[in-house]
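Comments concern the structure below.
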Amino acid sequence: MKKISLAVVGIIISISCFSQNYPFPMNEKGYKYPYGITPTSSNNEIIQSKFEAWENKMWEESGEFGRIKYDPSKGNDKYTVSEGIAYGMLIYVYMANETNSQCQDHFDKLYSYYKRWSNNNGLMNWKITGFTSVADGGNGGATDADLDVGLALCLAAKQWGSSAKFNYSLEAEQILTSVYSYETFISSNKRWLKSGDTWNDVGNPCYFTVASIGVYDQAQNALGFSAKKDWMKVHDDSFEYLRISERNGVWPNWSKWDGTPSWRPWLKTEKEQWDEQQFGWDACRVPWRIAWDYVWFGTEDSKELASKTLALLDAKGWENKPSSVGYLTGLDKEGYENVKIPSGYSYSAGNVAWAGSVACSFMTDDSRQDNLDTYYEHAYKTSAGPYYAQTLQVLYLLTLSGNAANFYAIDANDEKETLKTVITKATFIKENSVVGEGNGEYKQSVMDALTSAIADAQQKYDDSSLSSEQISAATTDLNSAITTFKKAVNVVADKTQLKKYIDLATEILAATTAGTGAGQYPEAKRTSLESKLAAANRQYEKASASQSAVDMTMNNLQQAYEDYIASKITTAVDDVKVSLNIYPNPCVNVLNISSSKEIVTVCIMNMAGSKNVYEIASTSAQIHVSDLAEGMYVIQVVFADGTVQTTKFMKK
């Protein structure tokens, strides 16, 4: 693991007038990044005006949902992408103050939208049509968006704690658990980030959001996540991929897992494939992501990578020329002389999507104050088109100005902050749980135990005489109480299938008799079914029966019922049965039947008694059974001489 110093920033913020704990602008409240430098003048009023212009252009809401419109300048504002939802949540959590009183409401509406359009993995499908449906080709999560939503929720847990709709701590844990489960993978003992939850053909350097990943490790401890993940391994391993994919101080949009520039496999034209290998619209964000990690954590790897970007700017003479920075090609050539803005891409020169990102690289070097001031001035004076550049401009300015704070590094040793978060979490769980005997409910004694644990933790929180060790112990105790409470949820066994076979067995026993004559059933089979039915009735009436016990009893009864049905005597016991072949068994599509005697009809009957009858008039036949449900079936074959033979087959 690389050395990361998590500095404690000792500042006190007065929040008597505001509902948020860290109001914008943080740089006027005494906050400073623990590492690196910021511009000489922050111009917070310009950031406020850029924020307002962005919101006026990008925001749309419908009921409880809000969205960030995608590319309205190109007529695509009917779409929304998960990246935009994530960026919006980050902007709102940082811009919250008395003036921007709508921020938490808009944050919640964006997250409601994210959840509304999430897939079975709990991650938002990446492209949505307005408020109505997943767009064509828009299925599956995008890892960068999901990581940024996780960061925004972690920050919201510190900024606001919770809202009327969401406990941000619980939501953050759910999202980050999904990201870790579905969007990370192991490669040569490195845990890297996939490009989405449904594919992993090539990598995207800008998806390796190292700053946010570092915060996840702090947040899961501070917020008391019940299942912690090894986020520091993800953080440290990410730099290996950023190192091997770096080319002349910048990065390609996409690359293979060995770092070689590449393209997404479904792109067919040479132009599309070429574009994906350049420092383009995706990769432009990488320098910003890396510098953000450095000013938060002082990571040595981040400083090293940022220095490569600065070396490129120096070699090209662009250290004071932000208007020369833009879409770059020539990445994979030796030497900086081939790195340039190609023909046809002059529009990108000075575009804030690129210039604002590389501006952040200067923050990692104390000797580059003048260069940083020059690039920062360009970043806030440049006009940015919606949606992408305008959104990134607000995020870049927040980072450059010192307003993109790591809330977990502020008063990080205050154990009471952590305890208060866990109290909020426990209270939320309690208020959203139901007392009762039903499935998913809790006994009154279990609820009382959690209520008592919350009250005890609150008493310790209010006691100013307790040491940090005692407060930490109280946090541990309350987390333990939450775990105990969750494990005590009532789980009522599902007895639906058991009842079905009880009814079937009861009916068949009432309608049949034991004996050796045609139409009767062997005494041993009847006795076995009666025994299994009695056991099933006892299990059905048992209120405390576990699901495993119910399932075992049902399986035993089902087998006895099927055996009994198949044992029906169709001719006298001393009659010689005719040769009858049925194959394959089990069968998927076509069942072959052959006999030494002519077959008149074949009746296929399921265990519930439903029948399909086939006219044959031959010694062999093929019956298509692909439409039948999987399970055991009884076959009754009637021959031309009037005899009947019964057997079974399994449909797969």
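Just the residues that are open to solvent by 50 Å² or more (accessible area, probe 1.4 Å) and under 19 Å from A283 (Cα atoms), please, taken from the range 233-243.
Going through the range 233-243, the residues open to solvent by 50 Å² or more (accessible area, probe 1.4 Å) turn out to be 233, 240, 243.
The answer is E240, R243.
Scan the range 594-613 residue by residue and report those that are loosely packed, with under 14 Cβ neighbours inside 10 Å and either of a type in the set (F, W, Y) or within 30 Å of I502 (Cα to Cα) (or both).
Within the range 594-613, the subset loosely packed, with under 14 Cβ neighbours inside 10 Å is 596, 598, 608-611, 613.
Within the range 594-613, A608, G609, S610, K611, V613 meet the criteria.
Per-residue answers, yes or no, for (1) farther than 17 Å from I502 by Cα; (2) loosely packed, with under 12 Cβ neighbours inside 10 Å:
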position: S548; (1), (2): yes, yes
position: A560; (1), (2): no, no
position: S579; (1), (2): yes, yes
position: N592; (1), (2): yes, no
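Does G280 meet the test of being small (G, A, S) and modelled with pLDDT of 95 or more?
On the way: small (G, A, S): yes; modelled with pLDDT of 95 or more: yes.
Considered against the rule, which asks whether it is small (G, A, S) and modelled with pLDDT of 95 or more, G280 comes out as yes.
Filter the range 531-546 down to residues that are at pLDDT 90 or above and touching a helix residue (DSSP H, G or I) at 6+ places or on another chain (Cβ under 9 Å) and give me whichever is farthest from I569 (Cα to Cα).
Start the filter on the range 531-546 by keeping residues that are at pLDDT 90 or above, which leaves 531-538.
From the residues that got through so far, the ones that are touching a helix residue (DSSP H, G or I) at 6+ places or on another chain (Cβ under 9 Å) too are 531-533, 535-538.
Numbers: S531: 21, K532: 21, L533: 22, A535: 26, A536: 26, N537: 28, R538: 30 Å.
Selected residue: R538.
Regarding L328, is this residue among the hydrophobic types (A, V, I, L, M, F, W, C) and under 30 Å from G402 (Cβ atoms)?
Yes.
Collect the residues in the range 275-287 that are open to solvent by 10 Å² or more (accessible area, probe 1.4 Å) and part of a helix (DSSP H, G or I), keeping them in residue-number order.
D275
What's the number of the condition S528 fails, among (1) modelled with pLDDT under 85; (2) open to solvent by less than 70 Å² (accessible area, probe 1.4 Å); (3) within 26 Å of T513 (Cβ to Cβ)?
Of everything listed in (1) modelled with pLDDT under 85; (2) open to solvent by less than 70 Å² (accessible area, probe 1.4 Å); (3) within 26 Å of T513 (Cβ to Cβ), S528 misses just condition (1).
So Q636 ticks every box in (1) buried (at least 17 other Cβ atoms within 10 Å of the Cβ); (2) in a loop (DSSP other than H, G, I, E, B) but one. Which box is left unticked?
(2)
When the range 496-520 is examined, which residues are found to be in contact (Cβ under 8 Å) with a residue 40 or more places away in the chain, among the hydroxyl-bearing types (S, T, Y) and under 17 Å from Q558 (Cα atoms)?
The one that is in contact (Cβ under 8 Å) with a residue 40 or more places away in the chain, among the hydroxyl-bearing types (S, T, Y) and under 17 Å from Q558 (Cα atoms): Y501.
When you scan the range 214-232, how many residues do you find that are open to solvent by less than 60 Å² (accessible area, probe 1.4 Å) and part of a helix (DSSP H, G or I)?
Taking the range 214-232 and keeping what is open to solvent by less than 60 Å² (accessible area, probe 1.4 Å), we get 214-220, 222-225, 227, 229, 231-232.
If we keep only those that are part of a helix (DSSP H, G or I) as well, we get 214-220, 222, 231-232.
Residues in the range 214-232 being open to solvent by less than 60 Å² (accessible area, probe 1.4 Å) and part of a helix (DSSP H, G or I): 10 in total.
For the range 328-351, which positions are touching a Pro at 6+ places or on another chain (Cβ under 9 Å) and open to solvent by less than 30 Å² (accessible area, probe 1.4 Å)? Walk me through it before giving the result.
The initial filter retains those residues of the range 328-351 that are touching a Pro at 6+ places or on another chain (Cβ under 9 Å), namely 328-332, 350.
The answer is L328, T329, G330, L331, G350.
Inside the range 368-419, can you point out the residues that are in a helix (DSSP H, G or I), open to solvent by 10 Å² or more (accessible area, probe 1.4 Å) and either of a type in the set (V, I, T) or in contact with a Ser or Thr (Cβ under 6 Å, 6 or more places away or on another chain) (or both)?
D373, T374, E415, T418, listed by residue number.
Sort through N490, N479, N537 and tell me the only one that's open to solvent by less than 70 Å² (accessible area, probe 1.4 Å) and closer than 30 Å to E415 by Cα.
Working: N490 fails: closer than 30 Å to E415 by Cα; N537 fails: closer than 30 Å to E415 by Cα.
Going through N490, N479, N537 in turn, just one is open to solvent by less than 70 Å² (accessible area, probe 1.4 Å) and closer than 30 Å to E415 by Cα: N479.
Name the residues in the range 102-152 that are open to solvent by 20 Å² or more (accessible area, probe 1.4 Å) and on the phi > 0 side of the Ramachandran plot, would you?
G122, G137, listed by residue number.
Restricting to the range 104-126, name every residue that is closer than 14 Å to A157 by Cα and without any contact (Cβ under 8 Å) to a residue 60 or more places away in the chain. Walk me through it before giving the result.
Within the range 104-126, the subset closer than 14 Å to A157 by Cα is 104, 107-108, 111.
The answer is F107, D108.
Out of all the residues in the range 73-101, which are hydroxyl-bearing (S, T, Y), open to solvent by 10 Å² or more (accessible area, probe 1.4 Å) and in a helix (DSSP H, G or I)?
Of the residues in the range 73-101, the ones hydroxyl-bearing (S, T, Y) are 73, 79-80, 82, 87, 92, 94, 99, 101.
Next, from what is left, pick out any that are open to solvent by 10 Å² or more (accessible area, probe 1.4 Å): 73, 79, 99, 101.
If the condition is that a residue be hydroxyl-bearing (S, T, Y), open to solvent by 10 Å² or more (accessible area, probe 1.4 Å) and in a helix (DSSP H, G or I), then S73 is the only one that fits.
Residue by residue, here is whether (1) without any contact (Cβ under 8 Å) to a residue 12 or more places away in the chain; (2) more than 24 Å from S226 (Cβ to Cβ); (3) among the β-branched types (V, I, T) holds:
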{"position": "P386", "(1), (2), (3)": "no, yes, no"}
{"position": "A389", "(1), (2), (3)": "no, yes, no"}
{"position": "G402", "(1), (2), (3)": "no, yes, no"}
{"position": "Y408", "(1), (2), (3)": "no, no, no"}
{"position": "K416", "(1), (2), (3)": "no, no, no"}
{"position": "T421", "(1), (2), (3)": "no, no, yes"}
{"position": "N432", "(1), (2), (3)": "yes, no, no"}
{"position": "E437", "(1), (2), (3)": "no, yes, no"}
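Could you check the range 318-367 and list, in sequence order, the residues that are aromatic (F, W, Y), part of a loop (DSSP other than H, G, I, E, B) and at pLDDT below 95?
First pass over the range 318-367, keeping only residues aromatic (F, W, Y): 318, 327, 336, 345, 347, 354, 362.
Right, trim to part of a loop (DSSP other than H, G, I, E, B) and you get 318, 327, 345.
Y345, the sole residue that qualifies.
Considering each of D293, D365, D314, D373 in turn, give the residue that is within 26 Å of F407 (Cα to Cα) and more than 37 Å from the chain's Cα centre (by Cα). Lay out the reasoning, then the answer.
On the way: D293 fails: more than 37 Å from the chain's Cα centre (by Cα); D365 fails: more than 37 Å from the chain's Cα centre (by Cα); D314 fails: within 26 Å of F407 (Cα to Cα).
The conditions single out D373.
How about the range 187-213: which of its residues are open to solvent by 40 Å² or more (accessible area, probe 1.4 Å) and either assigned to a helix (DSSP H, G or I) or over 22 Å from N120 (Cα atoms) (or both)?
S188, N189, K190, R191 - these are the residues of the range 187-213 that are open to solvent by 40 Å² or more (accessible area, probe 1.4 Å) and either assigned to a helix (DSSP H, G or I) or over 22 Å from N120 (Cα atoms) (or both).
Taking K57, is it among the basic types (K, R), modelled with pLDDT under 95, within 30 Å of H378 (Cα to Cα) and under 31 Å from the mean Cα position of the chain (by Cα)? Full working, then the answer.
Values: among the basic types (K, R): yes; modelled with pLDDT under 95: yes; within 30 Å of H378 (Cα to Cα): yes; under 31 Å from the mean Cα position of the chain (by Cα): yes.
So K57 fits the description; yes.
So K542 fits all but one of (1) surrounded by 14 or more Cβ atoms within 10 Å (Cβ to Cβ); (2) of a type in the set (K, R); (3) closer than 26 Å to M632 by Cα; what number is the exception?
For K542, the exception is condition (3).
Please verify whether W266 is buried (at least 23 other Cβ atoms within 10 Å of the Cβ) and more than 30 Å from I471 (Cβ to Cβ), treating the condition exactly as stated. Write out each step before concluding.
On the way: buried (at least 23 other Cβ atoms within 10 Å of the Cβ): no; more than 30 Å from I471 (Cβ to Cβ): yes.
In short, no.
Answer yes if at least one residue in the range 57-65 is surrounded by fewer than 23 Cβ atoms within 10 Å (Cβ to Cβ), in a loop (DSSP other than H, G, I, E, B) and of a type outside the set (A, V, I, L, M), and no otherwise. Walk me through how you get there before you give the answer.
At the first step, the residues of the range 57-65 found to be surrounded by fewer than 23 Cβ atoms within 10 Å (Cβ to Cβ) are 57, 59-65.
Next, only the ones that are in a loop (DSSP other than H, G, I, E, B) stay: 63-64.
Next, from what is left, pick out any that are of a type outside the set (A, V, I, L, M): 63-64.
Checking the range 57-65: at least one residue is surrounded by fewer than 23 Cβ atoms within 10 Å (Cβ to Cβ), in a loop (DSSP other than H, G, I, E, B) and of a type outside the set (A, V, I, L, M).
What's the number of the only condition in (1) touching a helix residue (DSSP H, G or I) at 6+ places or on another chain (Cβ under 9 Å); (2) more than 20 Å from Y168 (Cβ to Cβ); (3) not in a loop (DSSP other than H, G, I, E, B) that Y70 fails to meet?
(3)
Could you tell me whether any residue of the range 288-305 is open to solvent by 40 Å² or more (accessible area, probe 1.4 Å), touching a residue at least 40 places away in the same chain (Cβ under 8 Å) and closer than 15 Å to C360 by Cα?
Keep residues of the range 288-305 that are open to solvent by 40 Å² or more (accessible area, probe 1.4 Å), which gives 300, 303-304.
Then keep just the ones that are touching a residue at least 40 places away in the same chain (Cβ under 8 Å); that gives 300, 303.
Still in the list and also closer than 15 Å to C360 by Cα: 303.
Yes, that holds for at least one residue.
Taking the options K190, K228, K194, name whichever one is at pLDDT 95 or above and within 22 Å of D146 (Cα to Cα).
On the way: K190 fails: at pLDDT 95 or above; K228 fails: at pLDDT 95 or above.
Result: K194 is the single residue among K190, K228, K194 that is at pLDDT 95 or above and within 22 Å of D146 (Cα to Cα).
The values are calculated or read from the model by the stated rules, or taken from the named source; none is laboratory data. Keep in mind it's a predicted model, so treat the numbers as computed, not measured. Cβ atoms come from the backbone with ideal geometry, glycine included; neighbour counts cover every protein chain shown. The area values use the complete protein model at the heavy-atom level, side chains included, leaving out ligands, DNA and RNA. Shrake-Rupley method; radii C 1.70, N 1.55, O 1.52, S 1.80 Å.
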